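Below is one structure, written out as structure tokens, with a few remarks after it.
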Amino acid sequence: MNDTTPDSLIPYDEIVQDALRGVVGRVLKRIEEEGGLPGGHHFYIAFRTRAPGVVIPQHLIERYPEEMTIVIQHRYWDLEVGPEQFSIGLSFNQMPSMLTIPYDAVVGFVDPAVNFALQFPPKDGEAPPSDDGPDDGKPDDGSPDGGPDGGSPDDGSNVVTLDRFRRK
């Protein structure tokens, strides 16, 4: 019996990743429609800062040249969720900034309030960011900011460990 799996002519992995990225859009759309986050929910969203379609201020690109994690919790405004991207206003070191982030740029989504997490590999043809350690920026609301930890983008894992986000 042959133990090798034939190469698929259907890109199942890519289709599944796109569907999971759609989860991020649907969750954000719900928050937009309801006018805020319910209960203790809050999100850490990691994204590649130089991915096509990302629009962020130059000072953030300089500080986070490859990947950045934002926290959506208390202080945000103008959340607009579209089919391919979302835009949001956040404050960084008390500087208001508008960000536009395509879902294809998202590499991690965590809601630590309910231990839910997704991790995405870079799209085909894009190199994963180097692992220089977590981001050290903090949004003005004092929430911890750092990239989701977990399996490397190449290990096929969709789950991020949440140890760094758990209350002690």
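Brief remarks on what is shown
- The alpha carbon convex hull volume per residue for region 1-124 rounds to 135 Å³.
- Three semi-axes describe the equivalent ellipsoid of region 56-128; taken as square roots of 5 times the Cα gyration tensor eigenvalues and ordered largest first, they are 20, 17, 13 Å.
- Relative frequency of Cα-Cα separations exceeding 17 Å in region 1-51, percent: 60
- Label separation (Glu84 vs Thr4): 3.9 nm, computed from points 7 Å beyond Cα along the C-beta direction.
- With the whole protein complex present, Tyr64 retains an accessible surface near 10 Å², based on a 1.4 Å probe.
- Using heavy atoms of the protein chains and a probe of 1.4 Å, the accessible area assigned to Val107 is about 10 Å².
- Ordered from largest to smallest accessible area (heavy atoms of protein chains, 1.4 Å probe), the residues Val23, Val16 come out as Val16, Val23.
The values are calculated or read from the model by the stated rules, or taken from the named source; none is laboratory data. Fair warning: this is a prediction, and the values are worked out from it, not measured in the lab. When we count neighbours, we look across all protein chains shown, and the Cβ atoms used for this are built from the backbone with ideal geometry, even at glycine. For the accessible areas, the whole protein counts, side chains as well, though only heavy atoms, and no ligand, DNA or RNA atoms are used. Shrake-Rupley method; radii C 1.70, N 1.55, O 1.52, S 1.80 Å.
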